[in-house]
Amino acid sequence: MSWRDTYRRRLMRKRYLIRAFRKRRELSVVADRTSAIKPGDILLFSTQRNEKIRLPYFLKYYRDLGVNHFLMVDNDSSDGSARYLGDQPDVSVWRTGASYKRSRFGVDWLNWLQFKYGHDHWVLVVDPDEFLVYPFCDTRPLRALTDWLDASSIKSFSAMLLDMYPKGRIDAQPYQEGQNPLEIASWFDAGNYTYKKNAFFGNLWIQGGPRTRIFFADTPAKAPALNKIPLVKWDRKYAFISSTHMMLPRGLNQVYDEWGGEKASGALLHTKFLDTFTVKAAEELTRQQHYAASMEYKAYAEQLKDNPDLWCRFSEKYINWRQLEILGLMSKGNWA
Amino acid sequence: MNSVGVIMLVHTALGRAEQVARHWAAGGCPVVIHVDRKVDRRTYNTFVKALSDLPDVRFSHRHACEWGTWGIVAASQAAAETLLGHYPDVRHVYLSSGSCLPLRPVAELKTYLDARPDTDFIESATTADVPWTVGGLDMERFTMRFPFSWKRHRPLFDAYVNLQRKLGFKRRIPNGITPHMGSQWWCLTRRTLTAILMDTDRPEYDEYFQKVWIPDESYFQTLARLHSKRIESRSLTLSKFDFQGKPHIFYDDHLQLLRRSDCFVARKIWPHADRLYEAFLTDADGRGKMAEPQPGKIDRIFAKAVERRTRGRPGLIMQSRKPNEGWENGVTAGRYSVFQGFADLFEDFNDWLVRATDTRVHGHLFAPERAEFADGQTVMSGALSDVASVRDYDPQAFLINLIWNTRGERQCWQFGPADKQPIGWFIAKDPNAQISVISGAWAVPLFRSGKDFAELRKEAAQLQKVEAEFLNSLRSPYTKARIRIWTMAEFIESPMEPLQTIIDEIGSKRITRLTEAPRMTDLKGFGQFLQNLKNQGMHPYLMGDFPIDQDPVPTNTLTRKPYLVR
């Protein structure tokens, strides 16, 4: 790796931090309870838009894991979700009407909030439809994991995105507020992923799953990335580059072992494919606020018209993290 | 009687340490606590006050304890002196830490030690015999100086070690003691401990060990060898280390495992493991059980964790395991068989193979149009798609995934020069692949197609070229697959023998001797067909020599081995 690349990455990181600093003006406070944050608290950062229906279960799930404080950006919701969040005792909320796309899909806003509030905390960055599972998550709280990572001098924790879907039409079972979305979207693809190394950022680029199988079968190279590093012991020098897919400094992306061993990793169960999705896909298509000219949503809309069923004979039904570990989708590493 | 005294070295989670100290005291053990000097004054005072209601809990002079340095030994010495001085009837001294948790009633530990009044429990082995040194320093710990902190100034630490290596620097080991190492958690008798502390040479030993690296793993371990009447070289404290040399941590879900281990004390416990603390600190009085500690089961679990972290699961590529080339520890997860030419030569080869073996038999997985999965399926295990563009996006990942997803069931598939070739080199290098080739058999479908001859000639030339390249890679010195190549002429002379060999190697449980042969395609006129190709200026050579006039006679019938007489 040449010094030139090292320098380029350094400039890039600084540029993104400056960008985040500039974008701070786009955020206006709805509820600021950050004074309640204690040293060592685990913080969750998220951006959301019109996800009111998902929020109650989302908050409950992460409270149960042991998240101490939620820092949320509301991107111009019209369903009252900003107010709902503002009423929660452990949530701080900012609102913005600015462009999601021009804040690089929320990354700039969150980089700013992480810069300001995340320093020296374990920081979890997830969307309202993403649910983190990690080794022993049914018996050990998130604090056990972060304590172990601290003791092992590990600063970032990988959790690949696992797309979950229902059996049958995705709009067959309507999602109820407060419900565990995994009750409906309980199936996933167990073994059709590809892993490529990104030489510049040093991260793995993971693709595959039902989105490649169904929406991007003709152009698999364009399928969305599934690699994610959602849990980081934050330092104000850090910056996410593209969603939580990769970050700088580069060493934080090295969440995989290259000498045959397995590092510990988890999974983000992605419950995007519920009945709410068809409406959302149509809306996002007109908003044009998503990655690569919302190409992803175009592909979805096209496919879902004809056959909105992602399930196949070899789909796997989700049971627990141990199942994911046996299937080789995540690993305990040397945590026992 | 206070036969057992406990030393606790404490630096964090003081609340838990208090709980444990109360437990020991309630069991009738005097406790001396050493609190790291790095703990601030106020916290320390609160802690001391919290325990002030217990007369037999004392605090010793505080030293700063940094990992790998002398401070921990100094702390143990100070605490031991306090303990021995104040409690003359203590016979065994148990060294523990603030994150240790007693697993068995105190009375059981006392009974156990009372039965062994002269035994010192201290893990102690010579440097040559221990595999678990971190950083590659074993004997050098005792012959070099380590003025720099390993944790805070690693580059300086390493540089100074290298410098000493280069200069051939060696410290003298005093009085010719033999350095021993072992777990830092021991249980020594008053006799031995006093002898170590009162030794007239102690100033010299102390000065020497102050500059040894990680002296807490060697000071008492070495000196106990000088004074002890009887050493049991094991620790009564269950403490497991991972591949980086840091202790494994116990959580609530280890409860049953810890109970069954019959160990007296475990380390290290996660401070928030409420269930563990509750379960083990509120245990009933001693049941007088005399069971020996059995750490075996826990050993296995942690050994497996280390194995997973260092070697990983063969044939698995995932988000946290992406081995560099050569470090895969098995590129694929299991054995598989690749057949080239067999389906061309035999009409019902796949069906026959299904009957002859208990494997999954696919068609041409790398056919240009789609992956021909078994039974015409469009998806396979793991939701693997048959779409050509998805497969060809990363053909290696496709195959690695297929083999991983079907662990425990052998996969067989057809390959040929008409297929997508990039996977060829990958399977040639894979020791899990069994590749059997009947070279030139691609000519059979051409011969039977009855297509326009000019076109056939072009196609034949192309296929031959591709197959020749594949055969070259199979014959390369880097090839690791099990490879068998026959020319077609060779093969049809006696097809049953090679087939039997291949089936035997697959190791099917179903049958031992083939009773049925696959049906060979009618090859009448094939010799002439080859001659026609030659006449057109093409040179078909991969199939071997076929005489023009004498058509090969398919030996479809089984020749019974003559010596097999029942």
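The values are calculated or read from the model by the stated rules, or taken from the named source; none is laboratory data. Computed from a predicted structure; not experimentally measured. Cβ: placed from backbone, ideal geometry, glycine included. Neighbour counts: every protein chain shown. Accessible surface is based on the protein model in full, side chains and every heavy atom, while ligands, DNA and RNA are left aside. Shrake-Rupley method; radii C 1.70, N 1.55, O 1.52, S 1.80 Å.
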Output for segment B:49-65, where each listed residue is under 14 Å from B:T12 (Cα atoms) and open to solvent by 40 Å² or more (accessible area, probe 1.4 Å) | B:A64
Check B:A517 against each of (1) modelled with pLDDT under 90; (2) under 46 Å from the mean Cα position of the chain (by Cα); (3) not in a loop (DSSP other than H, G, I, E, B) and name the one condition it does not meet.
-> (3)
Among the numbered conditions (1) under 36 Å from the mean Cα position of the chain (by Cα); (2) modelled with pLDDT of 90 or more, tell me where B:M198 comes up short.
-> (1)
Exactly one condition in (1) in a loop (DSSP other than H, G, I, E, B); (2) in contact with a Leu (Cβ under 9 Å, 6 or more places away or on another chain); (3) of a type outside the set (S, T, N, Q); (4) buried (at least 20 other Cβ atoms within 10 Å of the Cβ) is not met by A:L132; state its number.
-> (1)
Here the residues within segment B:17-32 that are in contact (Cβ under 8 Å) with a residue 60 or more places away in the chain, within 21 Å of B:Y277 (Cβ to Cβ) and open to solvent by less than 40 Å² (accessible area, probe 1.4 Å) are B:A17, B:V20, B:H23, B:W24, B:G27, B:G28, B:C29
Which residues, counting only those in segment A:226-275, are open to solvent by less than 10 Å² (accessible area, probe 1.4 Å), hydroxyl-bearing (S, T, Y) and away from chain B (no Cβ under 14 Å)?
-> A:T271
Candidate set: segment B:112-130, residues that are in a loop (DSSP other than H, G, I, E, B) and open to solvent by less than 10 Å² (accessible area, probe 1.4 Å); chosen: the one nearest to B:C263 (Cα to Cα) | B:I122
Mind checking whether some residue in segment B:430-444 is at pLDDT below 95, in a helix (DSSP H, G or I) and out of contact with any Asp or Glu (no Cβ under 7 Å at 6 or more places or on another chain)?
-> yes
Determine whether B:W186 is in contact (Cβ under 8 Å) with a residue 40 or more places away in the chain, surrounded by 15 or more Cβ atoms within 10 Å (Cβ to Cβ) and in contact with a strand residue (DSSP E or B) (Cβ under 9 Å, 6 or more places away or on another chain).
-> yes
Taking B:E369 as the residue in question, decide whether it is within 21 Å of B:L446 (Cα to Cα), away from chain A (no Cβ under 12 Å) and out of contact with any strand residue (DSSP E or B) (no Cβ under 8 Å at 6 or more places or on another chain).
-> yes
Enumeration of residues in segment B:261-276 that are touching a helix residue (DSSP H, G or I) at 6+ places or on another chain (Cβ under 6 Å) and modelled with pLDDT under 90 = B:S261
Please work out if A:Q173 is touching a Phe, Trp or Tyr at 6+ places or on another chain (Cβ under 8 Å), among the polar types (S, T, N, Q) and assigned to a loop (DSSP other than H, G, I, E, B).
-> no
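Is it fair to say B:L257 is modelled with pLDDT of 85 or more, open to solvent by 40 Å² or more (accessible area, probe 1.4 Å) and not in a strand (DSSP E or B)?
In short, no.
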Subset of segment B:235-249 that is at the interface with chain A (Cβ under 9 Å from one of its Cβ atoms) and among the hydrophobic types (A, V, I, L, M, F, W, C) - its residue that is nearest to B:G182 (Cα to Cα) | B:F243
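Scan segment B:38-48 for residues that are surrounded by fewer than 18 Cβ atoms within 10 Å (Cβ to Cβ), assigned to a helix (DSSP H, G or I) and hydrophobic (A, V, I, L, M, F, W, C) and jot them down.
Of everything in segment B:38-48, just one residue is surrounded by fewer than 18 Cβ atoms within 10 Å (Cβ to Cβ), assigned to a helix (DSSP H, G or I) and hydrophobic (A, V, I, L, M, F, W, C), namely B:V48.
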The lone exception for B:I435 - which of (1) out of contact with any strand residue (DSSP E or B) (no Cβ under 6 Å at 6 or more places or on another chain); (2) closer than 21 Å to B:N472 by Cα it fails | (1)
Could you figure out which of (1) open to solvent by less than 20 Å² (accessible area, probe 1.4 Å); (2) of a type outside the set (S, T, N, Q); (3) under 26 Å from A:Y84 (Cα atoms) isn't true of A:L162?
-> (3)
Out of A:S153, A:S77, which single residue is part of a loop (DSSP other than H, G, I, E, B), closer than 30 Å to A:K14 by Cα and of a type outside the set (A, V, I, L, M, F, W, C)?
-> A:S153
Out of B:D351, B:D392, B:D344, B:D375, report the one residue that is within 14 Å of chain A (Cβ to nearest Cβ), outside any loop (DSSP other than H, G, I, E, B) and more than 33 Å from the chain's Cα centre (by Cα).
-> B:D375
Mind listing whichever residues of segment A:106-129 are in a loop (DSSP other than H, G, I, E, B) and out of contact with any Gly (no Cβ under 8 Å at 6 or more places or on another chain)?
-> A:G106, A:H119, A:D120, A:V126, A:D127, A:P128, A:D129
For segment B:277-329, enumerate the residues that are over 30 Å from B:W404 (Cα atoms) and modelled with pLDDT of 90 or more.
-> B:Y277, B:E278, B:A279, B:F280
How many residues are among the hydrophobic types (A, V, I, L, M, F, W, C) and more than 10 Å from chain B (Cβ to nearest Cβ) when one looks only at segment A:163-198?
-> 6
Looking at segment A:180-203, which of its residues are under 24 Å from B:E325 (Cα atoms) and open to solvent by less than 10 Å² (accessible area, probe 1.4 Å)?
-> A:G191, A:Y193, A:G202, A:N203
Among (1) surrounded by fewer than 22 Cβ atoms within 10 Å (Cβ to Cβ); (2) more than 12 Å from chain B (Cβ to nearest Cβ), where does A:R143 come up short?
-> (2)
Note on segment B:71-111: residues hydroxyl-bearing (S, T, Y), open to solvent by 20 Å² or more (accessible area, probe 1.4 Å) and assigned to a loop (DSSP other than H, G, I, E, B) are B:S99
Those residues of segment B:447-460 which are open to solvent by 10 Å² or more (accessible area, probe 1.4 Å) and assigned to a helix (DSSP H, G or I) amount to B:F447, B:R448, B:S449, B:F453, B:A454, B:E455, B:R457, B:K458, B:E459
Looking only at segment B:263-279, decide whether some residue is part of a helix (DSSP H, G or I), more than 29 Å from the chain's Cα centre (by Cα) and touching a residue at least 40 places away in the same chain (Cβ under 8 Å).
-> yes
Answer residue from segment B:378-389, given it is of a type outside the set (A, V, I, L, M) and open to solvent by less than 30 Å² (accessible area, probe 1.4 Å) and is nearest to the other protein chains (Cβ to nearest Cβ) among those = B:G382
Going through segment B:214-254 one residue at a time, which ones are surrounded by fewer than 20 Cβ atoms within 10 Å (Cβ to Cβ) and without any contact (Cβ under 8 Å) to a residue 24 or more places away in the chain?
-> B:K246, B:P247, B:D253
